[in-house]
Amino acid sequence: MGRFMTIIKWKPEQALELGRRFRAITERTAPQEILDAVAKMKIVTQAYSPNNFFIATIYDVDEKDYVEATLAAIYVIDTCTMKTYPVLGEADTVKLGELGRKIFPERS
């Protein structure tokens, strides 16, 4: 399973159409393939800043579902700017720190 952070930004003139697409997802009127793609994304948390025109979402996706889950991004990409980053959760960050201390004890 991979964890990702996606930041979606939009301009005021894009807000109406982006809102329509998000509503289609939440109201389950989007194409079934899009609803299936969104269902493969396990949302961890989401932060919405309407005054700054962005949404940041952290979610998990099983490796076998990467391609299908990407359809959710394709559905809205023409109404916003989107950047997605692989990220580590808290447990993996702790594990990385432990490994780092073993490999680079002089940096501890």
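Each reported figure results from applying straightforward, stated rules to the coordinates on display, with no laboratory input. Everything numeric here is computed off the predicted structure, so don't read it as measured data. Virtual Cβ from ideal backbone geometry, glycine too; neighbours counted across all protein chains shown.
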Once amide H atoms are placed 1.01 Å from N in the peptide plane, what residues at a sequence separation of 5 or more from Phe54, or on another chain, have their amide H within under 5 Å of its amide H?
Ser49
Between Asp36 and Arg23, what is the label-to-label distance in nm when each label sits 7 Å out along the Cα-to-Cβ direction?
2.7
I want to make sure I understand the PRE zone here: with the label point 7 angstrom from the Cα of Met5 toward its beta carbon, which residues in the range 41-69 have backbone N atoms less than 20 Å away?
41-62
Lysines whose Cα lies under 18 Å from that of Lys9, excluding same-chain neighbours fewer than 8 positions away:
Lys83
